[in-house]
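What follows is a short report on a single structure.
The values are calculated or read from the model by the stated rules, or taken from the named source; none is laboratory data. These numbers were taken from a predicted model, which means no experiment stands behind them. Virtual Cβ from ideal backbone geometry, glycine too; neighbours counted across all protein chains shown. For accessibility, only protein heavy atoms count, side chains too; no ligands or nucleic acids. Shrake-Rupley method; radii C 1.70, N 1.55, O 1.52, S 1.80 Å.
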Amino acid sequence: QQDPARSIFVGGFGAETTEALLMQFFGTFGIVEHAKVVYDKETGRSKGFGFVTFADAAAAQTAKSMGRLDFYGRQVDVKGTSRS
């Protein structure tokens, strides 16, 4: 189970977004331990949101404080996970 203080929700990205892109982009805030893109089980297509877990809570807090970010030309929402 992941620590909600170190995790963020990222929503609104394009279907072409991969976990590697999430890790690369959010790596500017700190060390990323894990990234997950959520896919539709029936179609296999991205649902346009995912989660990023950082090595420390300070990096997650910095990312959350940004609110909206330009993610490769697209505005995405960055929030705490439902438990953080």
Task: Degrees separating the helix 57-66 axis from the principal Cα axis of the chain, which is the longest one - done: 60 degrees
Task: Solvent-accessible surface ranking, highest first, for Val76, Val32 at 1.4 angstrom - done: Val32, Val76
Task: Max mean-square fluctuation residue, GNM over the chain, Cα-Cα springs under 10 Å, options Ala57, Ala15, Ala35 - done: Ala15
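On the protein heavy atoms, probe 1.4 angstrom, tell me the percent of accessible surface of the chain carried by carbon and sulfur.
Numbers: 2520 of 4920 Å².
For the chain, the apolar C and S fraction of the accessible surface comes to 51 percent.
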Open item on the list: So if I place +1 on the C-beta of Lys and Arg and -1 on the C-beta of Asp and Glu, and nothing else carries charge, what would the dipole magnitude of the chain be about its Cα centre? I want it in debye, nearest 20.
Closed with: 220 debye
Open item on the list: Between His34 and Ser82, what's the calculated FRET efficiency when r is the beta-carbon distance and R0 is 25 Å? Round to 0.05.
Closed with: 0.90
- [ ] Hey, could you get me the Stokes-Einstein D for the chain, Kirkwood radius over alpha-carbon pairs, 25 °C and 0.890 mPa s, rounded to whole µm² s⁻¹?
- [x] 195 µm²/s
Open item on the list: How big is the dipole moment of the stretch 28-70 about its Cα centre under a simple scheme where the beta carbon of each Lys and Arg is +1, that of each Asp and Glu is -1, and everything else is neutral? Debye, nearest 20, please.
Closed with: 160 debye
